[in-house]
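Taking it in order: structure first as structure tokens, then the write-up.
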């Protein structure tokens with residue numbers, strides 16, 4: 001008997017490494033491993049969802065007619081400059097599918113959010129990686145500007161960057177936009193609220209700029225999958241052509257509409273997370289643990305050859321942090337949630353270190 | 001001043017027609033235009049969601065560790081033969097991204113669900129369309145078998161088909177699978193529950209078979225975006241490599257887990273919809289309106305050159321049906337919901353016709 005035929009996946013897919021972030025067993029633990037809001041979303045979101053969920057409502061395909069203008073007004077753009085997406089992941093995917101053909105040149109930075117490489121690989125792109133500067137993990141602006149060519153089709157940047165926490169300023173973003181006018185330049189601002197630097201107003205000026213935001217981090221809605229992608233309306237029209245008309249679930253859209261009405265909740269959480277980050281910074285420094293300078297709700301600390309050991313020891317105490325030593329020597333990423341949570345993790349670290 | 005540069009989208013994207021199904025103003029109307037469950041999802045889904053939604057729960061990235069084995073058991077497959085997807089749309093997208101390279105040959109039927117062509121176009125595929133047989137809209141099995149070549153990389157079929165309502169039997173499905181052992185053959189069973197024909201058990205036998213199911217139709221959860229894609233585990237491993245690890249929102253996953261526990265609700269709704277379909281069939285026949293033979297929860301009727309006029313006249317009475325005359329001469333698609341709803345639409349049709 002001959003072995004049965006099996007359809008061969010594309011070469012690009014065969015060559016990809018599987019991406020499997022930890023995705024179970026996190027409930028009940030102190031979750032400082034995914035840079036989520038560690039307290040939860042605004043209670044107003046819950047109230048709103050509870051009041052709107054009903055049998056009839058769930059049976060209808062999503063309609064974004066109410067949420068879209070509401071979000072556009074909140075972000076100070078017009079509705080046709082905004083694409084709702086199924087989390088930031090879909091924003092990256094739609095952008096790549098719109099602009100990247102097989103073997104097109106795409107720039108990403110290393111280390112950065114894994115999904116830039118992921119979707120660029122799925123598209124069969126020629127991926128060029130620019131490393132963040134050693135140890136400081138500062139944004140390698142000159143190196144990137146020098147490497148960009150007239151053939152560059154996309155530049156995918158997270159600002160502030162994950163997992164480094166480091167940021168690039170707006171002057172730097174403008175230099176990239178000026179250097180690559182023919183490329184789609186994505187500035188993924190998943191952690192914007194913690195640093196206050198945004199390229200969003202620049203979309204009017206730069207037809208090659210794309211900015212993404214998410215409701216998965218400060219808004220505490222990671223379970224819902226809700227993101228936004230902004231660009232000039234002529235670009236958004238093309239992005240729309242590459243997106244399923246119903247990819248954002250309706251409860252996520254409703255939740256976002258409720259979430260943006262509770263700006264106080266968000267700014268309170270930002271203040272708390274920044275205070276927690278300062279506690280973490282001081283506490284780690286006191287233990288002699290060096291860190292990258294963070295503009296986000298997490299800190300990348302250098303734990304030398306004890307990175308995995310520390311991660312595991314904390315897990316034994318029901319505290320989850322993220323080992324990144326496979327891409328940053330000695331690197332462990334710790335989410336800044338509340339000051340109380342920061343004290344808790346520092347207390348355990350003191351025992352371990 | 002020179003016009004600013006704007007990044008050019010891919011040629012495949014420029015060439016695509018935008019897909020814009022009606023997506024607003026449906027609330028408050030009798031919605032017989034999208035083949036949804038016209039009554040709503042099971043009340044148990046609502047109860048379950050209301051009890052599970054809380055601030056903390058929404059802030060965590062989705063974990064499918066509980067829902068996946070539950071769904072696998074329900075569908076009588078193992079967990080590694082199942083991929084959760086953000087509606088059937090993502091199932092099609094992931095399959096296409098896994099197997100279809102630029103210029104690869106993909107077979108679809110015409111008319112069928114628009115997203116097969118959509119994602120194949122995004123992938124830059126060479127799309128071959130086989131028309132359903134004229135008027136009867138019977139599945140063109142011999143024509144498809146004859147057209148498939150050793151270069152065919154995918155065959156995307158909806159069974160029963162939307163918008164024709166017609167189905168292919170399992171013997172026919174097997175002939176396609178045998179004819180195209182090197183291709184990924186998708187049988188999209190979005191309307192399975194209304195006809196009872198399924199290729200799902202064949203995945204054990206055929207390594208080239210992919211079956212999709214959805215919670216958007218009979219389960220009444222279209223707002224939530226929840227689908228499943230089944231195949232042999234070696235294929236599912238490749239599919240996983242092309243999918244974001246969090247593309248299904250957690251509330252949809254929870255809702256699905258609750259929905260499959262209320263099988264009585266689903267079978268009651270199927271019985272009601274089939275009774276409504278029979279009323280529609282008789283009622284339309286009485287008015288002299290010819291129809292394709294339907295195996296799903298809708299009927300495709302032939303309204304000649306009055307198709308759009310009829311659609312508009314019904315809309316004036318707050319009844320939504322779907323004009324398909326742009327692809328099937330005179331075709332209007334009417335969802336079968338409850339018998340009461342069928343009587344309502346027939347009553348209005350009698351006045352118009």
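Coordinate-derived values only; no laboratory data. These figures come from a predicted structure and were not determined experimentally. Quick reminder, even Gly has a Cβ in these numbers, built from the backbone with ideal geometry, and neighbours come from all protein chains shown.
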Taking a label point 7 Å from Cα toward Cβ, how far is residue A:126 from its twins in the other copies, in nm, shortest first?
2.5
Would you mind giving the average projected area, over all directions, of the Cα convex hull of segment B:263-352 in nm² with one decimal?
5.6
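Would you mind computing Rg(Cα) / (2.2 N^0.38 Å) for segment B:134-278, counting N as its residues? Could you put the intermediate results ahead of the total?
Numbers: Rg = 16.5 Å, N = 145, 2.2 N^0.38 = 14.6 Å.
Against the compact-globule rule of thumb, the ratio is 1.13.
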Across 10 Å bins beginning at 0, the whole-percent shares of Cα-Cα pair distances in segment B:34-159 come to 10, 28, 30, 21, 10, 1
Separation between the residue A:57 and residue B:326 pseudo-spin-labels, each 7 Å from Cα along Cα→Cβ, expressed in nm?
3.2
Could you identify which residue out of A:291, A:56, A:317 has the top mean-square fluctuation in a GNM of chain A using Cα springs shorter than 10 Å?
A:56
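Which order do the peptides B:245-255, B:327-337, B:23-33 come out in when sorted by mean C-beta neighbours inside 10 angstrom, highest first?
Values: B:245-255: 25.5, B:327-337: 23.4, B:23-33: 16.1.
Sorting B:245-255, B:327-337, B:23-33 by mean packing, highest first, produces B:245-255, B:327-337, B:23-33.
Tell me the mean residue ellipticity at 222 nm calculated for the protein assembly as shown from its helices only (DSSP H runs of n ≥ 4, each -39500 (n - 2.57), averaged over every residue, nearest 500).
Numbers: 26 runs with 268 residues, N = 706.
Helices in the protein assembly as shown give a 222 nm mean residue ellipticity of -11500 deg cm²/dmol.
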Across the residues of A:31-40, average count of Cβ atoms on other protein chains within 10 Å?
3
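Using only C-alpha atoms and all pairs of different ones, pull out the Kirkwood radius for segment B:51-120 in Å with one decimal. Could you put the intermediate results ahead of the total?
Values: mean 1/r = 0.0666 Å⁻¹.
This gives a value of 15.0 Å.
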Copies of residue A:50 compared via label points 7 Å along Cα→Cβ give distances in nm, shortest first, of 1.0
Counting DSSP beta bridges with both partners in chain A, what percentage is antiparallel, nearest 5?
45
Semi-axis lengths (Å, descending) of the ellipsoid that matches the C-alpha gyration tensor of chain A
31, 27, 22
Here the whole-number average of other chain Cβ atoms within 10 Å per Cβ of B:21-28 is 4
How far, in nm, would the chain grow between residue B:76 and residue B:103 when pulled straight, counting 0.36 nm per residue and subtracting the alpha carbon separation?
6.1 nm
Calculated label separations, residue A:28, copies of the chain, 7 Å along the beta-carbon direction, nm:
4.8
Counting only Cα, what are the radius of gyration and maximum Cα-Cα distance Dmax of segment B:13-102, in Å?
18.0, 47
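Say R0 is 56 Å: what FRET efficiency, to the nearest 0.05, do residue B:282 and residue A:316 get from their beta-carbon distance?
The calculated FRET efficiency here is 0.20.
Say R0 is 56 Å: what FRET efficiency, to the nearest 0.05, do residue B:351 and residue B:5 get from their beta-carbon distance? Write out the running numbers ahead of the final one.
Values: r = 57 Å, r/R0 = 1.02.
Using R0 = 56 Å, I get an efficiency of 0.45.
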Could you order peptides A:131-140, B:203-212 by the average number of other Cβ atoms within 10 Å of their residues, highest first?
B:203-212, A:131-140
To make sure I understand, if each residue's beta carbon is the centre and we count other beta carbons within 10 Å, what order do B:54, B:242 fall in, fewest to most?
B:54, B:242
Report the far tail of the P(r) of segment B:195-274, meaning the percent of Cα-Cα pairs longer than 15 Å.
65
Compute the separation of the alpha-carbon centres of segment B:23-74 and segment B:138-152 and state it in Å as a whole number.
38
What is the ratio of the Cα radius of gyration of the protein assembly as shown to 2.2 N^0.38 Å, with N the residue count, to two decimals?
0.97
